[in-house]
Amino acid sequence: MPTIEDLAPLNADDRLAIVQYLQDYSQQVGFPWAVRPIHLGLRDDQGKIVGGLIGFLHWEWLRIEILAVAPEYRGGGWGRRLMAEAERRAIEGGCRQAWVDTFTFQAPDFYEHLGYVRFGQLEDYPTGQRRLFYRKVLVSS
């Protein structure tokens, strides 16, 4: 009989063991699970990471998981440049659309300014705020 256990911190072998079931099933139903990571870093003149973007390409979609820029570089267009580079790479990688989520206390105006359209939200995430979901067409049909 299986037992449930905490795998934190998750090592690569345990992650692969779990994901393999999803990969196998997706392959069986005709949608191979082929996630390609995208990691972009923003470095200052001393080589320090002062921002970046973490996401992945999957089933013709770009998913932005994390976008962050150090306070002293915000407002200088670096977030916009990181997004543009991720979108460019996504299009080259065969993606047609992108999605991202943010919070009411973070950057909804930023994503809307870049052409992202809200398609959903979760109320009280965290209490008194909303988690917002955005999408953007990168390549029209």
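The values are calculated or read from the model by the stated rules, or taken from the named source; none is laboratory data. The shown structure was predicted, so the numbers you read here are calculated from the model rather than taken from an experiment. Glycine gets a Cβ as well: all are built from the backbone with ideal geometry, and neighbour counts include every protein chain shown. These accessible areas exclude ligands, DNA and RNA; they are computed on the full protein's heavy atoms, side chains included. Shrake-Rupley method; radii C 1.70, N 1.55, O 1.52, S 1.80 Å.
Some notes on this structure:
- Counting only heavy atoms of the protein chains and using a 1.4 Å probe, LEU42 has close to 20 Å² of accessible surface.
- Heavy atoms of THR104 accessible to a 1.4 Å probe, total area in Å² rounded to 10: 50
- Given charges at Cβ of Lys, Arg, Asp, Glu: the range 47-133 dipole, positive-most of GLN129, ALA86, THR104: ALA86
- Of every Cα-Cα pair in the chain, the percent that sits beyond 22 Å: 52
- Under 20 Å from the SER140 label point (7 Å along Cα→beta-carbon), backbone N, the range 94-120: 94-99, 112-119
- The chain, accessible area per residue, ligands and nucleic acids excluded (1.4 Å, Å²): 69
- Pairwise label distance in nanometres, GLN97 with ARG118, each label 7 Å out on the Cα-Cβ vector: 1.8
- Between ARG80 and LEU10, the simple spin-label model (points 7 angstrom out along Cα→Cβ) gives 3.5 nm.
- Folded to 0 to 90 degrees: helix 78-92 orientation relative to the chain principal axis, Cα: 50
- The H on the amide N of GLY51, modeled in the peptide plane, is under 5 Å from the matching H of LEU42, ALA70, each at least 5 residues off or on a different chain.
- Between VAL35 and GLN23, residue separation times 0.36 nm minus the direct Cα-Cα distance comes to 3.3 nm.
- Of the trypsin sites (Lys or Arg not before Pro) in the range 1-96, those whose Cβ has at most 11 other Cβ within 10 Å and which sit in DSSP loop: LYS48
- Projected label distance in nm at GLU72 and THR127, using a 7 Å step from Cα toward the beta-carbon: 3.7
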